[in-house]
Amino acid sequence: MQVNINVSENILDWVMKRVSPSVLSSKQGELLYAWKEGRKAPTYNQIEKMSKVTGIPLGYFFLEKPPVEDSSFVEYRTVDSKELSNPSRNLMDTLHDMELIQEWIRNELQATESDDLSFVGAIKKTVQPDDFATFVRKCLQIETNWYESCKTGEESFKLLRNYISDLGVVVMMSGIVGNNTHRTLDTNEFRAFALVDKKAPLIFINSNDSFNGKLFSLLHEFAHICLGENSLFNDRYGSIDKVSATEKTCNALAAEILVPKHIFLEKWKRQIREKDEEATIRELAKYFKCGYTVIARRAYDQKFIDFKVYQSFARKAVQQYLEKKQTGKGGGDYYNTAASRVDRRFFDLLLGSVSEGRTLYTDAFRLTNTNRTTFSNLAEKMRGVG
């Protein structure tokens, strides 16, 4: 015999405000409304299914009043926006998962008496862009023209991700919450975030962004770690206003590493003699292995183009990526995708801790969203990741 349960109207109202409509099917949305209006009362099984679909913890449905969750992290958002004053369940759950990973790494490193990382919080907010870029290049041990060894933005991203990981920064990446393919992370809400810690600083990249977008986000978030500040990067169109001085500093650092100013000026002057602005921007994006938006911003800062042209390029870049993504092939190898999500250094640390008995297999499975079979296969795949 099925028992119907009365769920508080306040809770159902809170759930409907927290959940993106795209998460629910029309039938599920109608069911929530029916519960809220008292036309139907759910069974336990229905509540359990709704919990899984929405990502709202099961226990919340049995409360009388909505829970008070700590969403203070949104104060670190790049661009002030009303949308992020009420962060999605997907963002909050991803943030929570990354905090658990960071906490595990911190405890593991403390147990082995590892030193603090000297570059975390080493830079003052008043730093000049050239000095900041020099510091970062020294940390990463790269030359000014490092990008010349790469063929694409994807190669550039993978190279810098490895260098940053080798420094001790945990670089995680995913486009979904955990393993739930129905809970997609929205790049309009956030592109990346950084959690500062002296032993285990962490960068999370939203993999639904383009490789050029990921590349810029990676350097932007690394800049925040050097400044010692948490960050939630949600600027998709290269905003000029509503951006703090700290964000401008981080943007300037990312731009200088990707497109060194003196090399840009030299290349621009040479190209613009033969081509128009748009062709020049596209040509330089190929040379520097980065996105059109970064080149267009460089050109705007030098007053080579006006703001409307710059903004047009920023929006076109997003639109072209979305169109390309829609026509691209889905799927892909599960273990290739899983390996790309996990920081290589973190996984090595986890394997060592499991083999030495400091961490239980069940905890390792939880931290990596795997089970006994997939964890073992992922370990094999990670051994081939350089």
message = Given the condition crowded, with 22+ Cβ neighbours inside 10 Å and not assigned by TED's automatic domain parsing to the domain that holds M173, answer yes or no: does some residue in segment 331-342 qualify?
response = yes
task = Would you mind telling me which numbered condition in (1) among the charged types (D, E, K, R); (2) touching a residue at least 12 places away in the same chain (Cβ under 8 Å); (3) more than 30 Å from Y287 (Cα to Cα) E113 fails?
result = (2)
ask   = Before we move on, is A299 closer than 30 Å to V177 by Cβ, hydrophobic (A, V, I, L, M, F, W, C) and outside the structural domain of N188 (by TED's automatic domain parsing)?
value = no
ask   = When segment 1-20 is examined, which residues are found to be surrounded by 13 or more Cβ atoms within 10 Å (Cβ to Cβ) and either without any contact (Cβ under 8 Å) to a residue 12 or more places away in the chain or not in a helix (DSSP H, G or I) (or both)?
value = I5, V7, S8, V19, S20
remark   = For segment 99-133 the number of residues that are closer than 20 Å to V354 by Cβ and either under 20 Å from the mean Cα position of the chain (by Cα) or crowded, with 19+ Cβ neighbours inside 10 Å (or both) is 8
query = Taking segment 171-204, which residues are in contact with a Lys or Arg (Cβ under 7 Å, 6 or more places away or on another chain), surrounded by 17 or more Cβ atoms within 10 Å (Cβ to Cβ) and in contact (Cβ under 8 Å) with a residue 40 or more places away in the chain?
reply = V171, M172, M173, S174, V177, T187, R191, D197, K199, A200
query = From the list E278, E283, E247, E266, which one is in the same structural domain as V171 (by TED's automatic domain parsing) and acidic (D, E)?
reply = E247
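The values are calculated or read from the model by the stated rules, or taken from the named source; none is laboratory data. All of these numbers come straight from a predicted model, not from anything done at the bench. Note that each Cβ is placed from the backbone with ideal geometry, even for glycine, and that neighbours are counted across all protein chains shown.
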